[in-house]
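I have placed the structure first, in the form of structure tokens, so that the comments after it can refer back to it.
The values are calculated or read from the model by the stated rules, or taken from the named source; none is laboratory data. Computed from a predicted structure; not experimentally measured. Here the Cβ positions follow ideal geometry from the backbone for every residue, glycine too, while neighbour counts run over all protein chains shown. All accessible areas refer to the heavy atoms of the entire protein, side chains included, with ligands and DNA or RNA removed. Shrake-Rupley method; radii C 1.70, N 1.55, O 1.52, S 1.80 Å.
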Amino acid sequence: MGWQKQGWFVCASFLGLFTSVLSITRDELFPFGPSARDQLLAGGNDQTHRLDLTEPVLFYDGTFDSVYINSNGFVATAEPTSEATYLSKMPPKFGMIAALQGNLDTSDGVGKVFFREDSSPDVLRRAAEHINRAFPEDDEVNPTHAVVITWADVTTHEPHSRGDGSPKKRNTFQLVLASLETASYAIVLYVRDGIQFPSTPSGDSNVVMHAGFSKGLVRGFLLSSQGPYYRTTTDEEESVRALAEETNSGQRGVWVYEIGTSPYFTNVAPGEVTDLPTEAPAQASGAHEDADARRPVYTDGQVKYPPYQAEAEQIEVYPVQYQPRQPDNPEVVVVDDTDINVDVFSYNLGTCANNKNKCSQFADCRDYSSGYCCHCRPGFYGNGIQCVAEGKPQRMNGKVHGKVFVGDSPSPVEFSSNDLHSYVVVNDGRSYVAISDIPPTVGPSLQPLTALGGVIGWAFALEQPGFRNGFSIIGGEFTRQAEVTFLPGNEKLTIRQEFKGIDEHDHLAVSTTLEGRVPKVPPGSTVQIEPYSEIYQYSNNLITSSSTRDYTVSLPDGSTETRTYQWRQTITFQSCQHGEVMKDIKPTQMLSVDQVFAMYDANNELIRFAMSNKIGDVNGGAPVENPCFTGRHGCDTNAVCRAGEGTQFTCQCAAGFNGDGRTCYDIDECRENPQICGPNAICNNQPGTFRCECEDGYQFGNDGQTCVEVNRPVDPCEEGTHTCDVPERAQCSYTGGSSYICSCLPGFIGDGRNCQDIDECQQGRCHRDAVCVNTEGSFTCQCRPGYYGDGFSCSSERTKTQCETHRDSLLGATEFGPRGPRPSVGQYIPKCDENGAYNPMQCHDSTGHCWCVDRNGQEIPGTRSGPGSRPMCIDHGGVPQPVGPQPRPDVDALPPGTHLLFAQSGRIEHIPLEGYDMKKDGAKAVLHLPEKVIIGVAYDCVEKMVYWTEITSPSISRASIQGGEPTAIIRSDMDSPEGIAIDHLGRTMFWTDSVKDRIEVASLDGSQRRVIVNSDLVNPRAIITDPTSGNLYWADWNRDAPKIETSYMDGSNRRVLVKDDLGLPNGLTYDSQSSLLCWADAGTHKLECMNPARGDRSKVLEGIQYPFGMTTFGKNIYYTDWRRDAVVAVDRYTGREADEFQPQKRTKLYGIATAYAQCPSGNKPVVRSPYSSGPTNPDS
């Protein structure tokens, strides 16, 4: 390069540096002001306006239908308290989204606060661009609504103005809340020169302004505590000024955060792109005009390709000159062309001393005068950031998205997370690609597009002497965009692929997007693609290629057609610019592809490609006969072929494998060297390599290799250093750090540090015909003489006791003879005394065994005797004991009748039913477990027990609704138990685990546990039993393929009932009277039913919001709704909503079940036991 051209290059680089420091301007904000139809906040100090929203905003784990705009630079989720409560006293007690919060003023008429709710396409498109740029590795987000708030030219609030006429400093910034159904994002924009003051007055001092997200107070059982506060600035003024100079979204001055998700939320997630782009300098005149005619031309930032010409003779190649730039002061220069998405990293001042961890574990770091580079070690290849073993096969996994039109069809075929898998035998260059779930409407027409997987063939192509494949040059992180033009119809298809590097399984990860139109290939046709070659042009951080390809379509009638398409692509990447890394790369190389195979499998909806790939000389060069370069060597697929003289070669197992090269075996590094990962680490062997993970309680230190102990704070509750009242009256709940909450136990009142007993007898808790006795933390109720009942319900006519109900339920299911019920042979029937209580000693009439039982009829361990002998059992006494809730936890006995039971965070509540109507004033908590998150609820109508699943310490528990301690019955080998169902006839329970992806069964005491379904499940949740017919039903809300299935109760005869027109089938219920299976779908927003035996499907109601749990009673269906925080009743016959109940505590409601007054009646059941191989009689 001559001095003149060098000067232009340096000048252009300087201009790039200049543009890189500029933040966004006011013109680059979202539109605001009167022209955008904004509302204007009243001028003044600490002004607030409530904005009611047509669509809610998600913030942390809450859903908000209105927000409060405040002049002090923030948006609140509840009406904010006066500024004196939070200025200099952050975080606040209310939910706050602080764009730049301080003591601000708009009373001078210059500063203004504009706001609006906006769902216009332009605003939503701009919001989507910011979000998707900030989270490049996530699935694409398309918001459906937004709230735009702009603080323009606001100034500080000065209680006593100086009056000296000095111009005021002013700040301008903007907040956009962009939401979709399951997530909300905050986009905060700080304009150039828009932060003129970083602190504001508060009292007698100045306080640094705040930016961040505070949840506010979080309510506990009795007390509240401060929720999480994610602050994005610090107490240093420089952190505020940096908001306009830095980024987490890839655009200076623009910051993006995910602030709320549904159904689950963990923490605020910041954008992931902190690199700062610049504008590409304009092309200077006087550039080379004698370059290779096949090289792409760059004009005005656009890539333009010359027409492709057939290669009839030797190709004349002009080499690309490599001219490293040596500025006096090395800086990071990023050249960004929005059309080809090129990020070129030039110089930085880093060294290996503080950057070596960025290199691959199989690479060495080397310092240069202008920076550092990573270089793969011998036996490995790549760009140094990512290195893989020579000779080792490589795999690629990813998803395919997009829309493709076929032929002249007006409607596209949509791709939504279709699986793409590829496998390459590196030592012979053979690659295989498969894409799943391709419908027949588009599958045959994609057969010509071997290019969908061709890039992995180039990346791992068989190298000819002196040439290198794609991965050895650029590694596994790059962007590839290709344009396919089909002739003669000029249909165009764009293929964009984001390669995200090697994942933890040593697989190359890729995301593919298809957009455009392809000519139709009729179903049943096959496609033959002739061998082709493609020339790749290499320059710094940009690779281009173009070619023309012919293919032959063999039609079903036996005729053939020869078709053509033109292929043009760009590959952009980031390379190390120091040393002479790129100087060794030949400016042009030719990829030769033969043995091309394409097939569409209509039965399995799969498309497959296979091809052989070699990378070599653009002019072909002298024929190479060595088997290492032809691929015909016979080495193991996990071996590298080493070429010798002539046709001689040797096979050498790849790193991480042992053997003679023709047969290679994986080395188990973890077994051979147990200490390879160091102390407090776990070694996981993988094919050809291993990975280290830290043990629980440890994490990787700053070197990324050594496991250091996590500095865990002391739990005052566990250590006993808290100030709560004694454990008999109060509970200590650890909240992280050194914080904890004291709360009085049920039956006591106070602040948690001093708790007093509540006299429940003053509240009329017992029946009017009962005597109430107050106890410490509880009370008891006992019916007066002449009345019968549990004290909460008393009657002059005695109702059946638990023993009598148990006995009669068994007798009612037996054969009837001339003298009344006759139990089947071998059936145990409990014995009740004259008061209806269990006899202390129970015997089995057939076997002669006897044993002692407690008041609830449960066998007392160690008391069972053999035939002919009797155990000594202690008499319970004939007078029924008073019944009352126990103090820990608060279990309120249910009055007679049918009730709805539903889960809400750490409690189970009930709503009495009067007929089919909800008696809302009688609703109250049945069970309170504040430290738990209860998901599924089920009810056993025989023993009057409620069962539930919870996910904080994954387990299944139960408790009597007549009062008593809850008991955990299953607490091991569970990850996320959600749905639960009871078979009251078979005395079993079933549940789903959405992490282990299986369905299990156990007896009601937790014994005889076993898995009955563990395949083809992705997100199983709702589960329901039909005890009378012996059937099981469940829903899988897998977003890619939701379905509702059924089987017998042993898991056999499994089949899919519904798979079409489903979105998120969360709720499921079965009505034995009408034989209808009904479900509520949070994706389609429909409530539907069907008769499983007939398959007739009908819609009950449309327009529901976000259902979760579901149950039925009589004509009504009841479901819990996350959006409405309510239990909703729907009349199944009229198809209309009948009623709604919102509990006092407004949080998400989970599972719901019907607690029947009596077990549902039905025909004589045939029970397909999960513990037998066929149908059985429940009495046997």
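Figures for the structure shown
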read-out: Computed label-point distance, nm, for sites SER559 and ARG26 using a 7 Å Cα→Cβ extension; value: 6.8
read-out: Calculated FRET efficiency for the pair ASP138/SER533, C-beta based, R₀ 30 Å, to 0.05; value: 0.20
read-out: For the range 1006-1159: accessible area per residue (Å², 1.4 Å); value: 38
read-out: Cα centroid separation, the range 792-811 to the range 1128-1163 (Å); value: 26
read-out: Spatial separation of Cα centroids for the range 38-76 and the range 512-534, in angstrom; value: 52
read-out: The range 1021-1110: radius of gyration and largest Cα-Cα distance (Dmax), Å; value: 12.1, 36
read-out: With DNA, RNA and ligands ignored, accessible area of LYS358 (1.4 Å probe; Å², nearest 10); value: 120
read-out: Sequence-distant residues sharing a close amide H with VAL618 (under 5 Å, placed H); value: MET590
read-out: Peptides ranked, highest mean first, by Cβ atoms within 10 Å: ranges 1093-1105, 775-787, 383-395, 435-447; value: 383-395, 435-447, 775-787, 1093-1105
read-out: Amide proton proximity set for ILE195, modelled H, under 5 Å, gap of 5+; value: THR172
read-out: Separation of alpha-carbon centers, the range 1064-1094 and the range 902-941, rounded to whole Å; value: 22
read-out: Tensor-based shape of the range 950-1066 (alpha-carbon gyration tensor, a/c under 1.5 rounded, otherwise prolate or oblate); value: prolate
read-out: Whole-percent carbon and sulfur share, accessible surface of the range 43-115, 1.4 Å; value: 46
read-out: Net length gained if the chain between GLN196 and ASP408 were fully extended (0.36 nm per residue, minus Cα distance); value: 70.6 nm
read-out: Amide N of the range 897-917 lying under 19 Å from the label point, which is placed 7 angstrom from the Cα of ASP769 along Cα→Cβ; value: 897
read-out: Fraction of accessible area attributable to carbon and sulfur, the range 509-652 (%, probe 1.4 Å); value: 45
read-out: Charge dipole magnitude, Cβ of K and R +1, D and E -1 - the range 96-180, Cα centre, debye nearest 20; value: 400
read-out: Estimated FRET transfer efficiency when R0 is 30 angstrom, pair GLU238-LEU51 (beta carbons, to 0.05); value: 0.35
read-out: Volume of the Cα convex hull of the range 893-985, divided per residue and given in Å³; value: 103
read-out: Nitroxide proxy distance, nm - points 7 Å out along Cα→Cβ at THR650 and ASN267; value: 5.2
read-out: Accessible area expressed per residue, the range 403-490, with surrounding protein chains retained (probe 1.4 Å, Å²); value: 31
read-out: Peptide ranges 1086-1092, 644-650 listed from the most packed, as the mean C-beta count within 10 angstrom indicates; value: 1086-1092, 644-650
read-out: Length released on extending from GLU859 to LYS1145, taking residue separation times 0.36 nm less the Cα-Cα span; value: 98.9 nm
read-out: Cross-link table LYS399/LYS492; LYS1059/LYS1148; LYS169/LYS358; LYS800/LYS1043, entries beyond 31 Å C-alpha to C-alpha; value: LYS169/LYS358; LYS800/LYS1043
read-out: Within the accessible area of the range 995-1041 (1.4 Å probe), percent carbon and sulfur; value: 41
read-out: Potential lengthening between TYR1156 and ALA602 on full extension [0.36 nm per residue; Cα-Cα distance subtracted]; value: 194.4 nm
read-out: Packing-based ranking, highest mean first, of 1014-1024, 973-983 given that Cβ atoms within 10 Å are counted; value: 973-983, 1014-1024
read-out: Exceeding the 21 Å Cα-Cα cut-off - candidates LYS944/LYS996; LYS996/LYS1099; LYS93/LYS1145; value: LYS944/LYS996; LYS996/LYS1099
read-out: Estimated FRET transfer efficiency when R0 is 56 angstrom, pair ASN354-CYS761 (beta carbons, to 0.05); value: 0.20
read-out: Per residue accessible area of the range 615-741, 1.4 Å probe, in Å²; value: 60
